[in-house]
Each structure stands twice: as structure tokens, then as C-alpha cells.
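**Q** This is the structure I want to talk about, given as C-alpha cells.
The values are calculated or read from the model by the stated rules, or taken from the named source; none is laboratory data. These numbers were taken from a predicted model, which means no experiment stands behind them. We place every Cβ from the backbone using ideal geometry, glycine too, and count neighbours over all the protein chains shown.
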There are 2 protein chains.
Amino acid sequence: MKEGLFKVLPVAEAREKLAANLPVELRRSEKKSLLDCLARRLAKSVTARENVPGFARSTVDGYAVRAQDTFGASEGLPAFFTVTGDIRMGAVPDQDLASGEAMQIATGAMLPSGADAAVMVEYTEAAGEGSIEVLKPAGPGENVLRADEDIKAGDEVFPANHLLRSQDIGYLAALGEIELDVFVPLSVGIISTGDEIVDPTLKPNPGQVRDINSYTLFAKTLELGGKPNIYGVVQDNPQLLQERMRQAYEENDLVVISGGSSVGTKDHTAEIISSLGKPGVVFHGMAVKPGKPTLGGVVEQKPVIGLPGHPAAALIAFELLVSPLLRFGGYHELPTGIPPIDALLSRSIGSGPGREEYIFVKLQRKQGEVLAEPVLGKSGLLSPLVEADGLMRIPLESEGTAAGSIVGVYLFGTDYVL
Amino acid sequence: MKEGLFKVLPVAEAREKLAANLPVELRRSEKKSLLDCLARRLAKSVTARENVPGFARSTVDGYAVRAQDTFGASEGLPAFFTVTGDIRMGAVPDQDLASGEAMQIATGAMLPSGADAAVMVEYTEAAGEGSIEVLKPAGPGENVLRADEDIKAGDEVFPANHLLRSQDIGYLAALGEIELDVFVPLSVGIISTGDEIVDPTLKPNPGQVRDINSYTLFAKTLELGGKPNIYGVVQDNPQLLQERMRQAYEENDLVVISGGSSVGTKDHTAEIISSLGKPGVVFHGMAVKPGKPTLGGVVEQKPVIGLPGHPAAALIAFELLVSPLLRFGGYHELPTGIPPIDALLSRSIGSGPGREEYIFVKLQRKQGEVLAEPVLGKSGLLSPLVEADGLMRIPLESEGTAAGSIVGVYLFGTDYVL
């Protein structure tokens, strides 16, 4: 057994141990139609191949003019223009615009060559057949979107790994990027263990509880853009567990095994992970609460993670170790993402030194302040997970956080990185 | 034409006009397997039919005892216990526990009848064959989860319309709720109009731009739990538009038509909505920026909404009018949801009186503060939509918000209600 194997590791070191045995990027890429790309992540950065809007457009209903022809115009001394045409939406103006000329233009229509500004119809007056007066000067570029003002050809519009939101799909449509290279969702094999655990479709006997972790982790994997596969509950039978783990390992990009809260099972799980291939278990335990009894394993470049049995602990360990894989393909250069939301901590929270601690919090607005109210409860309770809106962290070196402190909250459903 | 039809309405009144012509709940419900319910909304509240965990469980590794037998115990004067057994995980203890007896128990195992506390193994010492000493008193219930401590049979665990998150799926698994009544996603027919708009798969000519709104609204509908159907771009041809709108109307639960930025098209759209059935258009325009040129229509109890052509305006109008339908089935008793995130406004923003204004903002952490930085730009630009992390509102009665104010931010991806 390797030296230091039973040392409980800080999260950063736990990730390093795994990263040292994994490829930098676990994910493959595939081409998908733009409309199928919501909530996918870009496998490559996207560079604009065209300008948007692609031509100078009016942003008002009015008249296209040369700005210099309007200089000095006022209600008392309006500038006079001959109206030489009307520009149809979607059409190329059928003539150029010369000095002293104006063309009628609608919002979004194309500026004629020679024009460099648009005057709102409100600042014009009819001045007899085919001519208008302009009552206010317009600067060059006024009420005009330049051809490359929204997006400039050659600019990077999204970096690799960008998570595509609905407005991003429209933005890419504007650029004609109707097929994209996106990452293939990683498949996650999910196994639950424990003699007291039964499938949720069964009625538990006294002493037994239903399998919560497989269902939570199935849904969490989907939420994070992965592809979950449930391999069911394996009671504490080492041979059956080995067979099930090998099957999950062969059929997925990574495997999580939750449970085995009893000491014997934890040992079985570690032995089986190591029996599947090299290097096997790379750490036993993380300096994090909840989530300490986490096994980090890698088998031939594939992560195999042993999660704690308690639902809250399993969820935190999954967020710390599996979420970065699903969302970033590894642990290298994890972004901090959107800054955590700030809230006022409603009560003091103590923490043991030498470990990171995660607290489930509920956000509440009281007297104009956003409060983070810790949802506390005995170890093993499910209720805090469902009452909470997010998580707060007490760092490794801290012994607690006082009531009234401003704390960062990782809001469930947002693209945070713990 | 009805009186007051051309009055621009505040958002609340616009919603009331629509609500007055719609059923209270637009959605039907269906039964789905629990694993298919992530991001679905409950059609009925869920009441626990069982207690969870369902039996008294130890939360520590140690010994089950009667608390009163430990009273007064100390290191100097330990309490003596006869160990009468070892409780296996998932099993019913094979005997009851009498005074002066202890049974070995693992975290999560079932307390024997007669026991009311568990003592951590760390506070015990072996005292010869089959007996232990307890060095510290335990209170009744100490280190024990009661049978109904997590969830109590008969309690409502989720209200109707609750949006199911990953931890909720696990929670329902714990209760054995493996099939749920959830709302069927509303189908949304999406049409774009405008002579300058071309399908994103085509190369636009000068003067033309690609259809952005169909793609953004398709993705936004998915994001909000709806089922989008794109009916393509209809150029300003009233007969074709009428046919396409009728088809979309017949095939969907609601219809959105974006664009028609030119005055003539807007008129066509309104006429066609009214021609489809009663009551037709119920308001022309909302007192909101961006989003003013929004047409509210209902045809035989089905919403038909005319959205502005500008992408930002279309998105805001969609958030205000369509999002409540997709997420709450109507406009009645809209919740305020999670309180908006608070942030410091980085610069002053003016607003016209008599209208609500929505500003795209980017969140940035600077010197420990979370700043909301307005992403400004000329009307019609797409870039602010993709640079922003969320929205802030300047209320109807306000003329602006000063730099340094604390503002609520509706963070994209969270379950907010504008």
C-alpha cells in the first residue's frame, strides 16, 4: 500500500491526484445542429466569419442623409433636402445618396451609399412635393448601426467550453453558425451499495431505506450536461459489486459508487476499484464536511469515484469531483465562473479547523437584505438538501463565520464551480 | 375597434387583459416516471405517505443504549453495560434492549426496541468479555434519527407547480414516489416576420439579416420547460402570414410572432390575430422598454402574442408574457420566487417615467463587492444579450437608479419571475 494513501486530502490536492492520472480533456466532440445545442458546451471557440449586421442600418424611422448637410440646422433655420427615394426593408437602395439629398428609411433598413446618418422623422417637416426640412443637426453615424458594430468578422465570439444559453443560440444564428462542434456528454455509471439500501420501487422493510443517491446523482448528472446510467443497488456482496463495477466501468466514461457507509464495505469498494486496473485508488478521504469518506480512483485513465453514503455528503463530493469533469472535462484551469452571489449570513456557523465545510443555505429577503439562512440538521437528513437554494463554503483555514458576515452563495442551477 | 385599444399598458394590466380571456391553468397533466421528472413541474402537491427514515436510526458507530442508564457516567465513574448483540445494517434487531444492556450499532442501522440513544464508540471502553463501559452520559434521542425526523407521513413535501431539481428527485425516491403527476410542457409555435429576415441557414443579401428571434425563442422555450416548434420566416405577405399563423395556432398551445418592425406589418399581424377568432388582440403595446411594440392576443382561450422584432425587446416581452404561461400556466398568483440577487449598480441609469425598464447587466466581483455593470448599446444590438448575466428592472414610477444603489438582479438560468 502506498505511503500516505490514508491521508485525508484537501480538495485541491484530491483533484491534483486525480488529474495526474487523467487525460487533460476527458470529453470527445461532435457536430450538432444549432437548435440541438442549448445547454451544450462548445468544443472549440467560435470566431465570427461575417460582420453583423453586415451593412449599415438605420435604428430609427426617418431619413437617411449626409450628416454634414444637417450641420447648423435648427427649427428657425432648417436644412433643406430633396427626397430621392424610399428604401424598402431587406432591399439594397437602388441609388446612391448625394449632397442635399435624403431618402426615406425605416428602422432596420439599409443605409444608401453616400449617407452616414439617419434623422428621426420627428425632427423633419414636409417642405412641399418631394422635399423635407431637417430641424436638428445629426452627427456622423447618428442613428446608424455600422456594418460591424454588433459583431466584427474575425472576432472570437465565444471561447471553447462556453455553455450555450438561449440568447447565445440566437447570436450564433445571426452569424450563420448553424452547425457547431460541441462536447459529447460524458456518460456516468451510477451504483449504490449498502445492505440497508433498497430500490425505490420496492417497499423497504424496517431497518431498510430506499436508494436516494442513485436518483439524486442521475438527475444531477443530467443537470450538469452528462448522460447518467443507473446500475442499481448492490448489497454488501463483494463479488457482485466487482461484477457490477466492471460492467459500469466498461460501459461509461466514469463511474460513481455511493454508499458503503460501514467500514467493511468501504474497504471492499477500495479494493475493487484498485482491482479494476491502474493506478486504482489514489486517495482515501477528503478534508471536507460533509464528504470526508470519499475515495478517489482512476482506472486506466477513467475516473472511478467512491462517494459517501449520506445523501448530503454524496452530493457535495459529487459537486467537488464529478461536476468539474462533466462541465470542464477535467480539473485543469477550472474557472471561477460567475462570482458567487453575496448574502448576509443569518447566524454564526462554527467549523472544525483543517477542513473545508459546505453549508446548505436558504436565501430569504428580509428588510431589504438578502439573508443566507443555514439549513441545519442532523447528519443523514435529506430535508436540508431540498429546503436549500444553494451552498456556502467555510474555507479550510477558517474556524467559522460570524452572523452578519457577507458570504458567497453558490446558487443551485447556476453555472458555479465549488 | 374597441376603445382604449391603442393605449400602451403597464405590464400588470397587460397580463390582466390576457388572463381575463384565458383559462386559469393552460396546462394539462400527465404521469411520468420519477427519473423523467427533472426540471418538470408538479401538477399536484405531493404528500408523504410514509415516514422517512421510517425507523429510529443511529447516526454514529457505537452502541445503542437506554439514555437513563448513562446518566452520571464519567471517565472517573463509567457506566457498565452488558453487550447483548450486534445490529446488522438493514436488519431488524433480533432482540429488545433492557436496562443495563448495550448493542453494537453502525451508522444508519436500526435502533433496537427499548433503546433511545446511541453512544459513540469513542466514548466507550471494553470492559472484559461481552461488556463495555460508557464514559459520558447520553441524552434521550442523542445520536438518533427518529422514525419521522426527516419526513413525516401526512406532511406536504412539495406544493403544486414545484420545479423538480436533482435533490428533489432523490427526496421523492426516498418516499417511494416513483411516478408523479407533472404538467405537460406547453407547445409554442414560433413565427418570424419581416422582409429583411432570412432563415439562418441562408446567406443574407445586403440589406438582409438572419432570423435571430426564432432561434433565441426556440431555446428559451426549451429552457423554460416548453416545447418549441419553429414555423420559419414569413416575409411581409399578409396571406401567407395568415396561413402560417393559423397552422401554428392549430398545432400549438400558444403562438408567438416576432418582428414586423415596419408599421404596416404590425398592422397586418394585429388584423390576422383578430381574424383567427375571439377576442383577438386585447392590447397594443406595453409600457416597458425594451418591448413596447408588443401585441397581446387571445384566440378562443389560446394566447397569440405579437413580439417586437428587436432581439432584446422580443426576449423581454417573451419573459414578461410567455414565461409565466410556460412556468405557471397563467398569470394568476405569480410567485416572486427566489428573491432577486442583490448587487451594487456600477453606474447611474436613467429611465423615462411611466414605463418599466429592463437593463441587461453583467455581474462582476470587484474589491469584495458584487457589481451589476449595465451592458449598454444601441437599440437592435445583440451583443448586450450575450454579454449579460441577468436583468435588472427600473420600476414604472422611477426615473432611474443611481450608481452605488443596491439593485436586484434576475440571474439568467434561475427560476425568477420578472
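**Q** In the stretch B:37-47, what residues are of a type outside the set (A, V, I, L, M, F, W, C) and under 13 Å from B:Gly225 (Cβ atoms)?
**A** B:Arg40, B:Arg41
Yes/no per residue for (1) at pLDDT 95 or above; (2) more than 30 Å from B:Ala219 (Cα to Cα):
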residue	(1), (2)
A:Glu125	yes, yes
A:Gly128	no, yes
A:Ser131	yes, yes
A:Ala138	yes, yes
A:Ala147	yes, no
A:Ile151	yes, no
A:Gly154	yes, no
A:Ile169	yes, no
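**Q** Let me ask something else. Of the residues in the stretch A:315-340, how many are out of contact with any Gly (no Cβ under 8 Å at 6 or more places or on another chain), small (Gly, Ala, Ser) and at pLDDT 95 or above?
**A** 3
**Q** Within the stretch B:159-184, which residues are more than 14 Å from every other protein chain (Cβ to nearest Cβ) and either surrounded by 21 or more Cβ atoms within 10 Å (Cβ to Cβ) or among the hydroxyl-bearing types (Ser, Thr, Tyr) (or both)?
**A** Passing the criteria: only B:Phe183.
**Q** Next question, about the same structure. How do the strands (runs of 3 or more DSSP E) wholly within the stretch B:185-295 filter down when requiring 1 or more residues that are surrounded by fewer than 19 Cβ atoms within 10 Å (Cβ to Cβ) and either among the small types (Gly, Ala, Ser) or within 14 Å of chain A (Cβ to nearest Cβ) (or both): which remain?
**A** B:187-193, B:227-234
**Q** When you look at A:Gly114, is it over 30 Å from A:Ala48 (Cβ atoms), in contact (Cβ under 8 Å) with a residue 24 or more places away in the chain, away from chain B (no Cβ under 14 Å) and small (Gly, Ala, Ser), yes or no?
**A** No, not satisfied.
**Q** So which residues in the stretch A:3-18 are under 23 Å from A:Glu333 (Cβ atoms) and outside any helix (DSSP H, G or I)?
**A** A:Leu9, A:Pro10 - these are the residues of the stretch A:3-18 that are under 23 Å from A:Glu333 (Cβ atoms) and outside any helix (DSSP H, G or I).
Let's see how each residue does on (1) within 14 Å of chain B (Cβ to nearest Cβ); (2) over 45 Å from the mean Cα position of the chain (by Cα); (3) buried (at least 19 other Cβ atoms within 10 Å of the Cβ):
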{"residue": "A:Leu42", "(1), (2), (3)": "yes, no, yes"}
{"residue": "A:Ala48", "(1), (2), (3)": "yes, no, yes"}
{"residue": "A:Val52", "(1), (2), (3)": "yes, no, yes"}
{"residue": "A:Ser58", "(1), (2), (3)": "yes, no, yes"}
{"residue": "A:Tyr63", "(1), (2), (3)": "no, no, yes"}
{"residue": "A:Thr70", "(1), (2), (3)": "no, yes, yes"}
{"residue": "A:Ala73", "(1), (2), (3)": "no, yes, yes"}
{"residue": "A:Phe80", "(1), (2), (3)": "no, yes, no"}
{"residue": "A:Val92", "(1), (2), (3)": "yes, no, no"}
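**Q** Hey, could you check the stretch A:136-151 for residues that are within 10 Å of chain B (Cβ to nearest Cβ) and of a type outside the set (Gly, Ala, Ser) and say which is surrounded by the fewest Cβ atoms within 10 Å (Cβ to Cβ)?
**A** So the residue we want is A:Arg146.
**Q** Scan the stretch A:298-352 residue by residue and report those that are under 30 Å from A:Lys366 (Cβ atoms), within 14 Å of chain B (Cβ to nearest Cβ) and of a type in the set (Val, Ile, Thr).
**A** A:Ile316, A:Thr336, A:Ile338, A:Ile341
**Q** Identify all residues within the stretch B:365-413 that are farther than 21 Å from B:Pro308 by Cβ, more than 14 Å from chain A (Cβ to nearest Cβ) and among the aliphatic types (A, V, I, L, M); write none if there are none.
**A** Across the stretch B:365-413, the qualifying residues are B:Ala402, B:Ala403.
**Q** All but one of (1) assigned to a loop (DSSP other than H, G, I, E, B); (2) surrounded by fewer than 18 Cβ atoms within 10 Å (Cβ to Cβ); (3) more than 14 Å from chain B (Cβ to nearest Cβ) hold for A:Asn21; state the number of the condition that does not hold.
**A** Here A:Asn21 meets the rest and fails (2).
**Q** Now a separate question. Within the group A:Pro10, A:Pro53, which residue is closer than 30 Å to A:Ala270 by Cβ and touching a residue at least 60 places away in the same chain (Cβ under 8 Å)?
**A** A:Pro10
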